[in-house]
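The structure under discussion appears below in the form of structure tokens.
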Amino acid sequence: MAPRAMWKGQLRLSLVSIAVELFSATRTGASISFRQIHKPSGKRVHYQKVVEGIGPVNVDDIVKGYEYENDRYVLLEPDEVDAIKLETKKTLELVQFVDVGEISPLYFEKPYYLVPADELAEDAYRVVRDALRTSNKVGLGQLTLRGREYLVAVKPCGDGLLLETLRYADELRKADPMFSQISGKKADKELLEVATTLIERKSGPFDAEAFKDNYAAALQELVKRKMKGKSAHVTIEKEGRAQKRGDNVVDLMAALKKSLEGGESKKPPAKSRAKSSSKSQEKSPPSSQRARRKSA
């Protein structure tokens, strides 16, 4: 079944307008989800809207309330909220362009595919896509969707364009209070060199398919086994832990060097061990000979 467009409108660059459609780039059904079940009856658990001291209430009697003090609210009627909702605009205008990589990852929220609506729009669409790629820029604009205005970034993605919703500045917490307890002391030079070497050895192109959600896979396996009436036991591989000193402080240098060696302690090759043992046997006479020499 073909996905439905979440939004249809015009992508505008100055006087150029391009008919486009917006599709979600993520799949909601990719992760496993559960229902809450009443175990004795096997039926689903439903929830009622309840007011303390009154009990269940009618949905029509519920309004939105903004808490400006503890347990004190400003009440807003549904028609009052609807009156200020932004109409879904049919135009996304790119009003500013910034260098790729200039926007912090903290701002990015959700990705969407922005595609041409028809063949007539493809020529102009390709021009905008290639211009962004050539200039190494990201286009910024605001998109009204479901009554809310989003800040968005548009950039090339393969043969098309990717639109990502961005968080506004006031939605982010300041980092300084979180990191204020971290001292300004620089990392040990020798430790830094070993860690850098380890990073370089493990560097490579990003391949999302190389990673899997082990927890989700284990849940799916558990569900399959339960459906077949088999044992519910499912094992999940555990990664090795770094060795610690007796005072429970991780020996960074030892751990980093062991990582560079592939996580295994140095051992002499099997052949060398065999040769050393055979030489020791040649130097030491058999026990029967030692016994005869002693009795003589």
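The values are calculated or read from the model by the stated rules, or taken from the named source; none is laboratory data. Remember, it's a predicted structure, so these values are computed and weren't measured experimentally. Heads up, the Cβs are rebuilt from the backbone with ideal geometry, glycines too, and the neighbour counts pull from every protein chain shown.
Just to be sure I understand, how many residues within the range 15-66 are part of a strand (DSSP E or B), of a type in the set (Gly, Ala, Ser) and either touching a Ser or Thr at 6+ places or on another chain (Cβ under 9 Å) or free of Cβ contacts under 8 Å to residues at least 24 places away in the same chain (or both)? Break it down stepwise before answering.
First pass over the range 15-66, keeping only residues part of a strand (DSSP E or B): 16-24, 37-38, 43-44, 50-51, 55-56, 64-66.
Now restrict to residues that are of a type in the set (Gly, Ala, Ser): 17, 19, 24, 55, 65.
Then keep just the ones that are either touching a Ser or Thr at 6+ places or on another chain (Cβ under 9 Å) or free of Cβ contacts under 8 Å to residues at least 24 places away in the same chain (or both); that gives 17, 55, 65.
Within the range 15-66, residues that are part of a strand (DSSP E or B), of a type in the set (Gly, Ala, Ser) and either touching a Ser or Thr at 6+ places or on another chain (Cβ under 9 Å) or free of Cβ contacts under 8 Å to residues at least 24 places away in the same chain (or both) number 3.
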Checklist entry - Which of (1) outside the structural domain of residue 145 (by TED's automatic domain parsing); (2) closer than 30 Å to residue 135 by Cα is the odd one out, the single condition residue 94 does not satisfy? => result (1)
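Taking the criterion of being charged (D, E, K, R), touching a strand residue (DSSP E or B) at 6+ places or on another chain (Cβ under 6 Å) and closer than 30 Å to residue 127 by Cα, would at least one residue in the range 3-20 satisfy it? Give the steps one after another, and end with the answer.
Taking the range 3-20 as the starting set, the residues that turn out to be charged (D, E, K, R) are 4, 8, 12.
From what is left, the residues that are touching a strand residue (DSSP E or B) at 6+ places or on another chain (Cβ under 6 Å) are 8, 12.
If we keep only those that are closer than 30 Å to residue 127 by Cα as well, we get 8, 12.
Yes, the range 3-20 contains at least one residue that is charged (D, E, K, R), touching a strand residue (DSSP E or B) at 6+ places or on another chain (Cβ under 6 Å) and closer than 30 Å to residue 127 by Cα.
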Item to check | Any hit, the range 104-116, residues being over 24 Å from the mean Cα position of the chain (by Cα) and of a type outside the set (S, T, N, Q) | outcome: yes
Item to check | Among (1) within 30 Å of residue 140 (Cα to Cα); (2) outside the structural domain of residue 94 (by TED's automatic domain parsing); (3) hydrophobic (A, V, I, L, M, F, W, C); (4) surrounded by 10 or more Cβ atoms within 10 Å (Cβ to Cβ), the one test that residue 166 misses | outcome: (2)
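Each row is one residue, and each column tells you yes or no for (1) over 28 Å from the mean Cα position of the chain (by Cα); (2) more than 29 Å from residue 109 (Cα to Cα).
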| site | (1), (2) |
| --- | --- |
| 11 | yes, no |
| 16 | yes, no |
| 19 | yes, no |
| 26 | no, no |
| 32 | no, no |
| 35 | no, no |
| 39 | yes, yes |
| 43 | yes, yes |
| 50 | yes, yes |
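Of 167, 201, 129, 148, which residue is out of contact with any strand residue (DSSP E or B) (no Cβ under 9 Å at 6 or more places or on another chain) and closer than 30 Å to residue 86 by Cβ?
148 is the lone residue from the list that is out of contact with any strand residue (DSSP E or B) (no Cβ under 9 Å at 6 or more places or on another chain) and closer than 30 Å to residue 86 by Cβ.
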Item to check | Elements of type strands (runs of 3 or more DSSP E) in the range 84-189, at least 2 residues being out of contact with any Lys or Arg (no Cβ under 6 Å at 6 or more places or on another chain) and in contact (Cβ under 8 Å) with a residue 60 or more places away in the chain | outcome: 108-116, 137-145, 148-157, 160-166
Next on the checklist: I'd like to verify a number: residues in the range 146-159 that are hydrophobic (A, V, I, L, M, F, W, C) and either touching a helix residue (DSSP H, G or I) at 6+ places or on another chain (Cβ under 7 Å) or surrounded by fewer than 18 Cβ atoms within 10 Å (Cβ to Cβ) (or both), how many?
Outcome noted: 2
Checklist entry - Which pairs do you get when a residue that is at pLDDT below 50, found in the range 252-271, comes within reach of a residue that is surrounded by 10 or more Cβ atoms within 10 Å (Cβ to Cβ), reach meaning Cβ atoms under 9 angstrom, with the pair 6+ apart or on two chains? => result 264/258; 265/258; 267/273; 268/276
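Is the range 62-82 home to any residue that is within 35 Å of the chain's Cα centre (by Cα), aromatic (Phe, Trp, Tyr), more than 20 Å from residue 49 (Cβ to Cβ) and modelled with pLDDT of 95 or more?
Kept after step one, since they are within 35 Å of the chain's Cα centre (by Cα), are these residues of the range 62-82: 64-68, 81-82.
Cutting the leftovers down to aromatic (Phe, Trp, Tyr) gives us 66, 68.
Remaining after also requiring more than 20 Å from residue 49 (Cβ to Cβ): 68.
Subset that is modelled with pLDDT of 95 or more: none.
Looking through the range 62-82, none of the residues is within 35 Å of the chain's Cα centre (by Cα), aromatic (Phe, Trp, Tyr), more than 20 Å from residue 49 (Cβ to Cβ) and modelled with pLDDT of 95 or more.
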